[in-house]
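Shown next, in structure tokens, is the structure this report addresses.
The values are calculated or read from the model by the stated rules, or taken from the named source; none is laboratory data. Given the structure is predicted, the values throughout are model-derived calculations rather than measurements. Ideal geometry is used to build each Cβ from the backbone, glycine not excepted, and the neighbour counts take in all protein chains shown. Each accessible area value is taken on the protein alone, full model and side chains, heavy atoms only, with ligands, DNA and RNA left out. Shrake-Rupley method; radii C 1.70, N 1.55, O 1.52, S 1.80 Å.
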Amino acid sequence: MPADAPDIPALLAAATRAGHGLSALSPASCALALGFDGLTLGLLNASGLELVWYDPADTAGTAFEDLQYTLGEGPTLDAARTGEPVLVADLRDVPESRWPV
């Protein structure tokens, strides 16, 4: 993580003090703080999965989320099925057999 990266707890504390929710946080800043290229958040409810938090400037991230929903596979859907986080350091390193479509 870069030395000048924002601190996630500090970002959350600032949003809480301001009386705002998750929408007050920048997905790009949170991704940078975590050392990620991008960050999206999808929630599962009775209606299914919904992308609820993302950086509109991250066109690759939102396209990837759309692709997962369309194809029915990927880390977001695995997390929804298992109830566990699915962390993938680099999608290029994932064997094609994991998400073949």
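The figures follow:
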item: Farthest positive-ward along the chain dipole, Cα basis, beta-carbon charges - from 45, 88, 100; result: 45
item: Fraction of accessible area attributable to carbon and sulfur, the chain (%, probe 1.4 Å); result: 57
item: Note, ³J(HN,Hα) from phi for the range 73-86, Karplus 6.51, -1.76, 1.60, rounded to Hz, x at Gly and Pro; result: 8, x, x, 5, 6, 4, 4, 5, 6, 9, x, 10, x, 10
item: Cβ-placed point charges (K, R +1; D, E -1), dipole of the chain about Cα centre in debye, nearest 20; result: 280
item: Amide H within-cut-off set for residue 53, under 5 Å, with H built and near neighbours excluded; result: 41
item: Förster radius 41 Å - calculated FRET efficiency between residue 13 and residue 46 (Cβ-Cβ, nearest 0.05); result: 0.80
item: Label-zone membership for the range 83-100, site residue 71, 7 angstrom Cα→C-beta point, backbone N under 12 Å; result: 91-92, 94-100
item: Mean accessible surface per residue for the range 3-101, computed with a 1.4 Å probe while every protein chain stays in place, in Å²; result: 68
item: Loop GluC sites (Glu not before Pro), the range 58-101 (other Cβ atoms within 10 Å of the site Cβ: 11 or fewer; DSSP); result: 96
